[in-house]
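Participant: What follows is a structure written as structure tokens; I'll ask about it next.
Quick note: the coordinates plus some simple rules give every number you see, no bench work behind them. The structure displayed is predicted, hence computed values, not measured ones. Here the Cβ is made from the backbone with ideal geometry for all residues, glycine too, and neighbour counts use every protein chain on show.
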Amino acid sequence: MLFYLFAISFPEWRPHFVFLDTPHANEMMALRWLHVVFGIIWIGLLYFFNLVLTPAMKQCDPKLRIKIYPELMPGAMGWFRSSALVTVIVGLRYFTIHLASDARAAGDRSLIGKWFGWWLVVVARRVCLHYALQLPRRGSSTTRGCGSSEFPLL
Amino acid sequence: MIAASWLVLVLNGGPDVSNAHLAISVGGGLGLVMLLNTWGVVWRVQKRADTWSRLSIKEGVPMPPEAED
């Protein structure tokens, strides 16, 4: 109420929202917002798992743990996986816009494919190296790479 | 991670390449690896643990010893 009175008294204090000048700039802005919001959901859950949930579950009685997990994890993992997917898809679109802009400035559109291709080759090489280390051992529920890789539960 | 970041900068760096492009090359590479890890490693493990828990609750099947790891 008080804010409303202030807003009437001082028009320049009124909340206002304007879109940017071009559709392209607006798309970039929307992509940044989506990337950040879904990135927060993803990484927030990741650190909740690593810093809070896993240590707390280790303290619990195994019978209690078995009851809690099926109620808790489908929802948590659903949000975790989906937000990761949205973050990366939106980020890839943002990346390709920058690639296209650089290629246009350089006067050679084929550079988009070259740059993106090399980037993908480097990522694929890295995934192959990491994936072999992080798959569960035969007959084990844990990931072998968790202790030795970059981050647990990465 | 450092080696992959260095490699992508060496392969794609140059006078025609913007700072944003190179920064996203490094951060996006990390993000894509994390995404694949989420779907390919963490979720696979989670699905097994979830099946074991449900069987244990509904049908009294004991949890396998590897579930304690």
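Participant: Compute the Cα gyration tensor for chain A, then decide on rounded, prolate or oblate, letting a ≥ b ≥ c be the square roots of its eigenvalues: rounded whenever a/c is under 1.5, prolate when a/b is larger than b/c in the other cases, and oblate in all that remain.
Facilitator: Oblate, because a/c is 1.5 or more while a/b does not exceed b/c.
Participant: Here's another thing I want to ask about it. Quick one: among A:Arg81, A:Arg125, A:Arg109, which has the greatest mean-square fluctuation in a GNM of chain A with alpha-carbon springs under 10 angstrom?
Facilitator: Taking springs between Cα atoms under 10 Å, the residue moving most is A:Arg125.
Participant: Then there's this: Residues of A:115-124, mean number of Cβ from any other protein chain within 10 Å of their own Cβ, rounded to a whole number?
Facilitator: 6
Participant: Give me a single rounded figure for B:7-18: the average over its residues of other chain Cβ atoms within 10 Å of their Cβ.
Facilitator: That works out to 5 on average.
Participant: For B:Leu30 and B:Leu55, what is the calculated FRET efficiency with R₀ set at 35 Å and r taken between the beta-carbons, to the nearest 0.05?
Facilitator: Efficiency computed from Cβ-Cβ geometry: 0.45.
Participant: Also: Classify the range A:48-115: rounded, prolate or oblate, from the alpha-carbon gyration tensor (a ≥ b ≥ c, eigenvalue square roots; a/c under 1.5 rounded; otherwise prolate if a/b is larger than b/c)?
Facilitator: prolate
Participant: Full extension from A:Phe17 to A:Thr96: what is 0.36 nm times the residue separation minus their Cα-Cα distance, to one decimal in nm?
Facilitator: 25.7 nm
Participant: Once a ≥ b ≥ c are taken as the square roots of the eigenvalues of the Cα gyration tensor of chain B, is the result rounded (a/c under 1.5), prolate (a/b larger than b/c) or oblate (a/b not larger than b/c)?
Facilitator: Because a/c hits 1.5 or more and a/b exceeds b/c, chain B counts as prolate.
Participant: Across peptide A:85-97, what mean number of C-beta atoms from other chains lies inside 10 Å of a residue's C-beta?
Facilitator: Partner Cβ neighbours, averaged per residue: 3.
Participant: Enumerate the lysines that A:Lys67 could reach by cross-link, defined here as Cα to Cα under 26 Å, with residues fewer than 8 away along the same chain left out.
Facilitator: Within the straight-line limit of under 26 Å, A:Lys67 reaches these lysines: A:Lys58, B:Lys47, B:Lys58.
Participant: Could you pull out every whole DSSP H run in chain A that spans at least 27 Å of Cα extent along its own axis and averages 0.5 or higher on the Kyte-Doolittle scale?
Facilitator: A:23-47, A:111-134
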